[in-house]
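Data first, discussion second: the structure below is written as structure tokens.
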Amino acid sequence: MPDTRKGHNPSGAPDPTRARAENNIQKDEKRVHDLIHVLRYVADAAGFEIAERIVLIDSQSGRIYR
């Protein structure tokens, strides 16, 4: 059975590159989640509601979040 611990590859060996990549992805996703939360809060405070999907483009990486 493969070792599924964080920072290990499917064979169970430590994989620091994978761990760093996973951490970076989690940080990016948290940034997007926090930004959407703030946008919804601001819209609500101004008496609006966000009705459609928000599409964000990271200006540093160019990654698109839908």
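Select, from ILE54, ILE25, ILE36, the only residue that is assigned to a loop (DSSP other than H, G, I, E, B) and β-branched (Val, Ile, Thr). Only one candidate passes the filter, namely ILE54. Screening GLY62 on (1) at negative phi; (2) in a loop (DSSP other than H, G, I, E, B); (3) loosely packed, with under 12 Cβ neighbours inside 10 Å shows it passes everything except condition (1). Of the residues making up the stretch 34-49, just one is surrounded by 10 or more Cβ atoms within 10 Å (Cβ to Cβ) and small (Gly, Ala, Ser), namely ALA43. Listed by first and then second residue, the pairs linking a residue in the stretch 7-33 that is surrounded by 13 or more Cβ atoms within 10 Å (Cβ to Cβ) to a residue that is aliphatic (A, V, I, L, M) and in a helix (DSSP H, G or I), with Cβ atoms under 7 Å apart and 6 or more places separating them unless they lie on different chains, are GLY7/ALA19. Filtered by the rule that a residue be assigned to a strand (DSSP E or B) and under 21 Å from the mean Cα position of the chain (by Cα), the stretch 8-22 gives a lone residue, HIS8.
Only the coordinates and a few stated rules stand behind these numbers; no lab work does. This structure is a prediction, so every number in the text was calculated from the model and none was measured. Backbone-built Cβ (ideal geometry, glycine too); neighbour counts: all protein chains shown.
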